[in-house]
Amino acid sequence: MRADREQLAFQYRELLESICQGCGDAPFLAPPPEMQLQSWWNAGFFPIEGNTIRHGSVRILERGRWNRSYGPDFTHAEIELNGQRLRGSIEIDPRAQDWEAHGHGANPAFDDVILHVVFTPPPAGWYTRNSQHRDVAILYLPPECWPGTKPQRHDTPLPRCRRPLAAMQADSIINLLKAAAAYRQEIKRNQFRRKASIAGKSQAWYEAWAATLGYHANKEAMQLLAMRAPVSALENDAEAILLGTAGFLLPALPPQTSQEARDYHRQVWDAWWLKQEQFALAPERRIPWNQSPCRPLNHPQRRVAALAASTHKWHRILPLLKAETARELATLLTGITHPFWSTHYTLAAAPMKTKAALVGTQRVQDFLINHVLAYDTAPVSWAHYLSIKTSSAPANIKRTAALLFGERADLAATLKHAYAHQALLQIEADFCDCNICTDCAFPEQLSEWAH
């Protein structure tokens, strides 16, 4: 069964590579927000060697400490620049021009910056200079260095792919979906291994669990929080450190807040006060929470509280993060409770009439699908993965399925499986999101799909 998964991933990778050959130069791809770029740098997802714009080769010896307050993004860094070792700070910006736009060039606090990392090509003749008029080396990281990024094009989409898929046998399409899902697992597994090699397995799992608890709206924010407040530093103050680092603790709650909430907040605030200097983030570095309307049970404060409550059982959770103990893991995670958060949406909200689960079964299933079963290479893991069914498909999954398959009734049962959803997400990322439909080789290649 393990060989089947690896072979399927290999087949899909060959399909992808054959399609990508000869596509030509990809047009400009806008980088994600700066906070995401900083988290990628902190996680070690970029190459440690490269060539600067004018200062020769560079090798990253120490990425630096992710700054929590004012000043350069990463301090106490060390690099080897054209053979010379330098220690200082590193600044991360989407564009080279952001250096001047943010006033760094006239700010002495940035005079020790030894490397300016940017994600769009600097303008011709651009120099990054500090307040001492010293030239700072610029390292440009193109999109192919970004984790999980595909070059985008902007042609008008045409559903050419529906023709070959409509003609394919159902079992061939199922094989294609399994291959795409296996390839997606391979990508996730490699990213996890890279993260674990840098931060340790416990921290890598902790970040994966945090991202899962954040749902789609706050996935990145929860992972950022887990990076800023690592599991090894929480000890017995997980609630205070996580809620405080998240920016959810206030010196005083609104007057209408219940006495129960005031008592709990005071207890957490007193613990946070002792940790504030170590963990508090400067205003410009605050976690970017998505506060758009959501179900009260999914409020970011409650998601952070669920993460904190999970860490109290972390020593029991870690040994269960594999396919053979998935059922025991699910029981443990869904059984997590808290005397305050099991009955409250936020710190200031009125108590609920009845208790509600901090971790629902859907969160656990998503964790199994996206992380536990993806990282486990045991044969039982792939079999378990293929057996999982979902209650409904998200809108983007339905859209991609309709684009690819049309109204094929013989695939309705297959599309209820979680692996089919993961496969469609991968195909969408590899092909549909790239908007290359007018010259896409995907339809023609499918006619030769090995099955």
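Each reported figure results from applying straightforward, stated rules to the coordinates on display, with no laboratory input. Just so you know, these numbers come straight off a predicted model, no measurement behind them. Cβ atoms come from the backbone with ideal geometry, glycine included; neighbour counts cover every protein chain shown.
Using 1/(1 + (r/R0)^6) with R0 = 22 angstrom and r between the beta carbons of ASP270 and ALA357, what's the FRET efficiency to the nearest 0.05?
About 0.20, to the nearest 0.05.
Dipole of the chain, Cα-centred, from +1 at each Lys and Arg C-beta and -1 at each Asp and Glu C-beta, to the nearest 20 debye?
Charge dipole, the chain, about its Cα centre: 1200 debye, nearest 20.
Got a sec? Charge dipole of the stretch 204-358, +1 on Cβ for Lys and Arg, -1 for Asp and Glu; which of ALA280, ASN236, ALA309 is way out at the positive end?
Among ALA280, ASN236, ALA309, the one farthest towards the positive end of the dipole of the stretch 204-358 is ALA309.
With θ set to phi - 60° and the Karplus curve 6.51 cos²θ - 1.76 cosθ + 1.60, what are the ³J(HN,Hα) couplings of the stretch 368-378 in order, to the nearest whole Hz, using x for Gly and Pro?
5, 5, 7, 10, 4, 6, 6, 8, 7, 8, 5
Only sites in a loop by DSSP and with at most 14 other Cβ atoms within 10 Å count here; which GluC sites (Glu not before Pro) in the stretch 188-279 make the cut?
Loop-located and lightly packed - GLU235.
Just want the answer: with Cβ charges of +1 for Lys and Arg and -1 for Asp and Glu, which residue in GLY125, PHE45, HIS76 is farthest toward the dipole's positive end in the stretch 20-129?
HIS76
Just from its helices, what would the mean residue ellipticity at 222 nm be for the chain, if runs of 4 or more DSSP H residues each count -39500 (n - 2.57) and the sum is divided by every residue, rounded to the nearest 500 deg cm²/dmol?
Mean residue ellipticity, 222 nm, calculated: -12500 deg cm²/dmol.
Quick one: what are the phi-derived ³J(HN,Hα) couplings along the stretch 94-107, Karplus 6.51/-1.76/1.60 with θ = phi - 60°, whole Hz, x for glycine and proline?
x, 10, 4, 5, 5, 4, 7, 4, 8, x, 5, x, 9, 10
Considering the options TYR206, LEU320, GLN97, tell which one lies farthest towards the positive end of the dipole of the chain, charges being +1 on Lys and Arg and -1 on Asp and Glu at the Cβ, about the Cα centre.
Positive-end residue among those listed: LEU320.
At R0 = 45 Å, how high is the FRET efficiency between LYS313 and PHE10 if r is their beta carbon distance? Nearest 0.05 is fine.
With a Förster radius of 45 Å, E is 0.75.
Taking amide H atoms as placed 1.01 Å from N in the peptide plane, list the residues 5 or more away in sequence, or in a different chain, whose amide H sits under 5 Å from that of THR128.
Long-range HN contacts for THR128: VAL136.
Give the long-range amide H neighbours of LEU61: residues separated by 5 or more places, or on another chain, with amide H under 5 Å away, using H modelled in the peptide plane at 1.01 Å from N.
So LEU61 has HN proximity to GLU78, ILE79, GLU80.
Give the lysines whose C-alpha is closer than 22 Å to that of LYS389, dropping any in the same chain fewer than 8 places away, or say none.
LYS178, LYS188, LYS322, LYS398, LYS416
Rounded to the nearest 5, what is the percent of antiparallel bridges among the DSSP beta bridges in the chain?
Here the antiparallel bridges make up roughly 70 percent for the chain.
Would you kindly state the longest site-free stretch of the chain, with sites defined as chymotrypsin sites (Phe, Trp or Tyr not before Pro) in a DSSP loop (not H, G, I, E, B) surrounded by at most 12 other Cβ atoms within 10 Å?
Of all site-free stretches, the longest is 71-451.
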